[in-house]
1. So, in segment 1-49, how many residues would count as being surrounded by 13 or more Cβ atoms within 10 Å (Cβ to Cβ) and basic (Lys, Arg)?
2. Among (1) under 21 Å from SER100 (Cβ atoms); (2) touching a helix residue (DSSP H, G or I) at 6+ places or on another chain (Cβ under 9 Å); (3) assigned to a helix (DSSP H, G or I); (4) not basic (Lys, Arg), there is one condition ALA23 misses while meeting the rest; what is its number?
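The values are calculated or read from the model by the stated rules, or taken from the named source; none is laboratory data. It should be emphasised that the depicted structure is a prediction, and the values quoted were computed from it without experimental measurement. Neighbour counts are summed over all protein chains in view; Cβ atoms, including those assigned to glycine, are modelled from backbone coordinates with ideal geometry.
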Amino acid sequence: MIDLCAIRRLQTTLRVFEEELKAKTGLSFNDALLLCAVKKGIGEPRALAKELELSPSRLTRVLDSLEARSLITRSLSDTDRRSLTVTLTEDGAAMVAQYSCSQIMLPEELHFTQVGREESIV
C-alpha cells in the first residue's frame, strides 16, 4: 500500500528546500539542476531536456532565464551549425560553486540510500 502521507511530507520538504535554495542563491531547483548538468559536460539542449526530464518549451524558459542572468551562454555547435551548445559563463561557474558549497542543509527526508551508500538529490 502506498503511504500518501509520506509522499505529501516528501513533497512539502522538497518545496521548502527549493524555497531555501532560491532565497540563498536566487536559483530555482530546475535552474540549479541545469547548471549542474552543464558543469558535468551536458551541453546539447536535447540532452539537457532528457537529463532533467523537461519539455522543450520548459527547457527553453530555464535557458532564457539563466542566459538573461549571464550564467550560461548558447552558441552554435562547433560540429553541427544546426545545433546549439550551452556553456557556463564565469558567473555561472561561480554560482555552481556557491550552491555546491552552500550551507543549505539537505533535509533528512531527501536523503536516499542506494546500494548501501547515502546519496542526496543535489
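1. So the count comes out to 4.
2. (2)
Residue-wise test of (1) in contact with a strand residue (DSSP E or B) (Cβ under 9 Å, 6 or more places away or on another chain); (2) of a type outside the set (Phe, Trp, Tyr); (3) modelled with pLDDT under 95; (4) closer than 28 Å to LEU84 by Cα.
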site	(1), (2), (3), (4)
PHE17	no, no, yes, no
LYS22	no, yes, yes, yes
LEU27	no, yes, yes, yes
GLY41	no, yes, yes, yes
GLU44	yes, yes, yes, yes
